[in-house]
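Reading through the structure tokens given below for one structure.
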Amino acid sequence: MNGQRRQALVIGAGPAGLMAAWALAHAGCAVTVAEAKPTVARKFLMAGKSGLNLTKDEPDAAFAAAFHGSCAGLVRDAVAGFGPNEVADWARGLGQPVFTGSSGRVFPEAMKASPLLRAWLGGLGDVDIRTRWRWIGFEGDAFAFDTPDGREARRPDLTILALGGASWPRLGSDATWVPWLAERGVEITPFAPANAGLAVDWSTHMAKHFGAPVKVARLTAGDTTLRGEFVISARGLEGSAIYAVSRAVREGAPLTLDLCPDWSEDEVRARLSRHRGKNTVTAHLRKTLNLDPARIALLMEFARPLPADLAPVLKALPIAHAGLRPIAEAISSAGGVAAPALDGYRLRAIPGVYACGEMLDWEAPTGGYLLTACFATARAAAQQALTQP
């Protein structure tokens with residue numbers, strides 16, 4: 001380069017794009033970030049409204065096991081170099097102390113995303129962020145953009161794509177980039193919802209339970225079993241425990257609920273065998289098993305007519321549903337650039353172009369895994385790009 005700074009283009013200004021820009025700028029590149037929306041990191045800010053879960057403090061093996069998809073190995077390698085400890089240190093370095101909750105989830109003390117984002121942007125230095133720059137495909141070997149000043153074409157020395165997946169399209173992750181890469185021979189795994197709610201066509205008697213939390217239950221779908229909480233909504237079942245089983249449900253596994261996770265089937269049967277007297281079935285369930293109205297409602301919805309022996313149903317209530325909610329409502333997405341299309345993070349079909357973040361074919365549950373992987377793959381992609389001519 002004869003002493004000149006390498007010209008780097010980052011397309012997408014979500015957490016992956018900003019982390020890639022950070023790494024490139026701190027290595028001395030002249031960095032331009034192109035963002036289609038009027039402001040940066042919209043999904044990041046939305047995710048942080050109820051508390052920004054940056055990462056999760058847990059053993060390395062457990063953290064690595066959370067990732068699935070053809071690019072899962074790539075993600076695991078990335079988080080091995082920039083995992084929960086490094087993410088926490090990075091936030092502290094920006095003047096944003098963090099704390100670990102009882103579940104192991106790590107949050108900024110400020111809880112919201114905006115203070116961290118402001119500090120992050122302030123640390124980018126002379127990175128040129130161009131908002132309302134929408135990538136519209138290729139012009140030969142150049143990247144074409146619609147901008148407020150008209151059409152622009154860029155031919156940088158290196159490009160990192162951080163275009164997101166297909167969830168929450170109103171915030172920028174709309175997957176419009178898929179045909180442009182596919183036309184160049186990049187293999188794309190079709191997108192599907194991940195960390196999504198479950199659609200249920202409720203009977204009318206369930207309306208009074210909409211919004212009710214279910215705090216005592218164990219969910220099982222395929223090889224995924226966990227105790228967790230969720231909410232009965234007008235559209236179905238939502239919440240962290242439902243999101244955690246969404247991959248297995250999407251792949252066709254039936255979902256069952258253990259409504260009495262603290263007792264064995266025999267213990268449940270023994271409690272139910274107590275003299276009922278004049279109590280209704282509902283009152284008997286409440287008194288003998290401490291079932292709240294929400295769990296009783298689920299039992300009545302999915303197990304009618306009630307069998308004579310309720311214990312097996314209470315321990316494994318089959319949930320009839322209409323599949324996951326649409327991808328536009330999902331927290332994240334599965335699918336994206338497939339592993340065979342990549343040499344590390346470099347697109348085999350397009351010289352000088354790298355991909356990172358949620359546009360790669362991997363998925364993980366909520367709980368800090370998603371952001372950490374976006375940070376880590378962006379950093380790794382930038383490091384690879386910097387080592388290649």
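Rule-based calculations on the coordinates, nothing more; no lab input. None of the values given here were measured: they were computed from a predicted structure. When we count neighbours, we look across all protein chains shown, and the Cβ atoms used for this are built from the backbone with ideal geometry, even at glycine.
The chymotrypsin sites (Phe, Trp or Tyr not before Pro) found in segment 168-224 that occupy coil by DSSP, while having at most 13 further C-beta atoms within 10 Å, are Phe210. Structural descriptor for the chain: relative contact order 24 percent, calculated from alpha carbon pairs under 8 angstrom and at least 6 residues apart.
In the chain, the calculated helix contribution to ellipticity at 222 nm averages -8500 deg cm²/dmol per residue, counting -39,500 (n - 2.57) for every DSSP H run with n ≥ 4.
Could you work out the pair-distance distribution P(r) of the chain from its alpha-carbon pairs, with 10 angstrom bin width and percents rounded to whole numbers? Once binned at 10 Å, the Cα pair distances of the chain give 5, 22, 28, 20, 13, 7, 3, 1, 0, 0.
Which of the GluC sites (Glu not before Pro) found in segment 79-183 are in a DSSP loop and have at most 16 neighbouring Cβ atoms, other than their own, within 10 Å? Sparse-neighbourhood loop GluC sites (Glu not before Pro): Glu109. Phi-derived couplings, Karplus 6.51 cos²θ - 1.76 cosθ + 1.60 at θ = phi - 60°, listed residue by residue for segment 313-320: 6, 5, 8, 8, 6, x, 9, 8 Hz, with x used for Gly and Pro. The slack between Trp263 and Arg155, meaning 0.36 nm per residue of separation minus the straight C-alpha distance, is 32.5 nm. How much of the calculated P(r) for segment 198-318 lies past 22 Å, in percent of all Cα pairs? Roughly 32 percent, once rounded to a whole number. If R0 is 45 Å, what FRET efficiency do you get for Asp77 and Ala110 from their C-beta distance, rounded to 0.05? Once the sixth-power term is evaluated, E becomes 0.90.
One chain, two ends: His205 and Ala283. Fully extended at 0.36 nm per residue, the span grows by 26.3 nm beyond their Cα-Cα distance. In loop segments of segment 29-70 as defined by DSSP, the trypsin sites (Lys or Arg not before Pro) with at most 12 further C-beta atoms inside 10 Å of their C-beta are Lys49.
Which stretch or stretches of segment 342-371 have amide N atoms under 11 Å from the point lying 7 Å from Asp141's Cα along the Cα→Cβ direction? 351-352, by backbone N distance to the label point.
Computed over the chain with a Gaussian network model linking Cα atoms closer than 10 Å, the most mobile of Ala30, Ala175, Ala142 is Ala142.
Among Ser264, Ser173, Ser332, the largest mean-square fluctuation in a Gaussian network model of the chain, built with springs joining Cα atoms closer than 10 Å, belongs to Ser264. Annotation: the antiparallel percentage among DSSP beta bridges lying fully within the chain is about 70. Applying 1/(1 + (r/R0)^6) with r as the Cβ-Cβ distance of Thr39 and Ala316 and R0 = 41 angstrom yields a FRET efficiency of 0.30.
Computed from label points 7 Å out along Cα-Cβ, the spacing between Arg118 and Ala270 is 5.9 nm. Between their Cα atoms, which of Lys49/Lys315; Lys215/Lys315; Lys215/Lys287 are more than 25 Å away from each other? From the list (Lys49/Lys315; Lys215/Lys315; Lys215/Lys287), the Cα-Cα distance tops 25 Å for Lys49/Lys315. Sorting Leu161, Leu306 by the number of Cβ atoms found within 10 Å of their own Cβ, with the fewest placed first, yields Leu306, Leu161.
Highest mean first, the peptides 378-388, 337-347 sorted by other C-beta atoms within 10 Å per residue fall in the order 378-388, 337-347. Neighbour counts of other Cβ atoms within 10 Å put Asp128, Asp266 in the fewest-to-most order Asp266, Asp128. Distance between the pseudo-spin-label points of Thr100 and Glu183 (7 Å out from Cα toward the beta carbon): 4.9 nm. GNM on the chain, alpha-carbon springs under 10 angstrom: the most fluctuating residue among Ala373, Ala23, Ala364 is Ala23.
The mean sequence separation of alpha-carbon pairs under 8 Å and at least six residues apart, normalised by the residue count of segment 198-318, gives a relative contact order of 26 percent. The lysines whose alpha-carbon is closer than 16 Å to the alpha-carbon of Lys43, local same-chain residues fewer than 8 away aside, are Lys112.
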